[in-house]
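This report refers to the structure that appears directly beneath it.
The values are calculated or read from the model by the stated rules, or taken from the named source; none is laboratory data. Just so it is clear, the structure is predicted and the values come from calculations on it, not from any experiment. Using ideal geometry, Cβ is built from the backbone for each residue, glycine included, and neighbour counts are taken over all protein chains shown. With ligands, DNA and RNA removed, areas are computed over all heavy atoms of the protein, side chains included. Shrake-Rupley method; radii C 1.70, N 1.55, O 1.52, S 1.80 Å.
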Amino acid sequence: MADLGHAVAATDELPEPARFFAPDMFAGDVAVVTGGGTGLGLELSRSLAALGATVVIASRSAEHHGVFLEEAGQRGWNAHALELDVREPDLVHAAAREVLERHGKVDVLVNNAAGNFVCPAEKMSPRAWRAVLGIVLDGTFYCSRSFGKPMIAAGSGRILNVVATYAWTGMPGVAHSASAKAGVWALTKTLAAEWAPHGIRVNAIAPGPFESDGARANLWPDEETAERIRKKIPLGRFATREEVARHALYLLSPASDYLTGETLVVDGGLTLAAGRMWEPGAELERPRRKRS
Ligand code: NAP
């Protein structure tokens, strides 16, 4: 079962990210979160539900839905889970129909589901390439299309795509994921422009490294690797899932009503590090010329 990263709080306590927002911020909204049973998706689903939304989490494994459904039951949140592989357009279409039949509308879609693992490009099999592209790029398009249609019919909606900064910086070892996220980044801007006349906002969030079972297993399997990455981050630590979720909530909230086609980088300054010539904290005094 997925690691929540903390014990479930007393039932009257809001999840940490939700405490920054009005308690009824998402009241009446129906939100669909792909990969909503683990990691960032779980954290975001908890906060959306705590702030009043009906939350539908969608991913392949029913086992991954247990933590959220159990907490939802304890706290009286409106929530349910769909078993869904976002790579399959017909299944995505059927899932959208089910949500519409059950809840009558869709206000929010979070394209969070992803797969990733480190592999040198020359050793990456076509199957591995397709698997990641299928979940991240195809899945985001299929979900946006199927859940976007009722938003178009309603004349309003909010879509949030989860990308990564290597979509534009590139990163050795993740040719599949970087290419897929770059596609999602372009899709974000394209759909934002195309669907703005329908009252739909489409934005993206680009987190730096944060702890999740998936990321730890696939990207920093040991503490030494984690520490090496940590040292590159100007703020000196990984983000927490709660911190990333807070920014995601802002992008879905009315506080960002005039924002569309934008990608919010939440990486503790990691991408800034690429262009720096000195380590953070280095003496930055102007070198004195020696007098002869
Ligand atoms: P995670 O816990 O590994 O979650 C990935 C989720 O995707 C799982 O819930 C999984 O559920 C779902 N999923 C995978 N394949 C699917 C499919 N074919 N259909 C439907 N759902 C599928 O990941 P995370 O670390 O929280 O990452 C969340 C998002 O943040 C991802 O988009 C990731 O790329 C992005 N991100 C993460 C980091 C990081 O450091 N963690 C950094 C930058 C960006 P099932 O197994 O049940 O299908």
Scan of segment 259-292 for residues that are exposed (fewer than 15 other Cβ atoms within 10 Å of the Cβ) and hydrophobic (A, V, I, L, M, F, W, C), ordered by number: Leu259, Leu272, Ala274, Met277, Trp278, Ala282, Leu284
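Evaluate the following for Val92: is it modelled with pLDDT of 95 or more, buried (at least 20 other Cβ atoms within 10 Å of the Cβ), of a type outside the set (Gly, Ala, Ser) and within 21 Å of Ser47 (Cβ to Cβ)?
no
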Test for Trp185: is it under 21 Å from the mean Cα position of the chain (by Cα) and among the aromatic types (Phe, Trp, Tyr): yes
Residues (free of Cβ contacts under 8 Å to residues at least 60 places away in the same chain and farther than 22 Å from Gly104 by Cβ) located in segment 71-92: Gly73, Asp85, Val86, Arg87, Glu88, Pro89, Asp90
Those helices (runs of 4 or more DSSP H) lying entirely in segment 150-258 with at least 1 residues under 27 Å from Pro23 (Cβ atoms), within 13 Å of the ligand (Cβ to nearest atom) and open to solvent by less than 30 Å² (accessible area, probe 1.4 Å): 241-252
Yes/no for Arg102 being touching a His at 6+ places or on another chain (Cβ under 8 Å), modelled with pLDDT of 95 or more and among the charged types (D, E, K, R): yes
Qualifying residue in segment 92-104 (condition: among the aliphatic types (A, V, I, L, M) and away from the ligand (no atom under 16 Å from the Cβ)): yes
Test set (1) among the basic types (Lys, Arg); (2) open to solvent by 60 Å² or more (accessible area, probe 1.4 Å); (3) touching a Lys or Arg at 6+ places or on another chain (Cβ under 7 Å) - Arg102 fails condition number: (3)
Filtered residues of segment 20-55 (kept if assigned to a loop (DSSP other than H, G, I, E, B) and open to solvent by 10 Å² or more (accessible area, probe 1.4 Å)): Phe21, Ala22, Pro23, Asp24, Met25, Ala27, Gly28, Asp29, Gly35, Thr38, Gly52
Condition check for Leu272: closer than 29 Å to Ala186 by Cα and either out of contact with any helix residue (DSSP H, G or I) (no Cβ under 7 Å at 6 or more places or on another chain) or not in a helix (DSSP H, G or I) (or both): yes
Test: Ala154 is under 29 Å from Leu100 (Cβ atoms), modelled with pLDDT of 95 or more and of a type in the set (A, V, I, L, M, F, W, C): yes
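Within segment 119-139, can you find the residues that are open to solvent by 10 Å² or more (accessible area, probe 1.4 Å), within 16 Å of the ligand (Cβ to nearest atom), of a type outside the set (A, V, I, L, M) and touching a helix residue (DSSP H, G or I) at 6+ places or on another chain (Cβ under 9 Å)? It would help to see each step written out before you state the result.
Taking segment 119-139 as the starting set, the residues that turn out to be open to solvent by 10 Å² or more (accessible area, probe 1.4 Å) are 119-131, 133, 135, 137-138.
Narrowing the set further to residues that are within 16 Å of the ligand (Cβ to nearest atom) leaves 119, 127-131, 133, 135, 137-138.
Those left that are additionally of a type outside the set (A, V, I, L, M): 119, 127, 129-130, 138.
Scanning segment 119-139 gives Cys119, Trp129, Arg130, Asp138.
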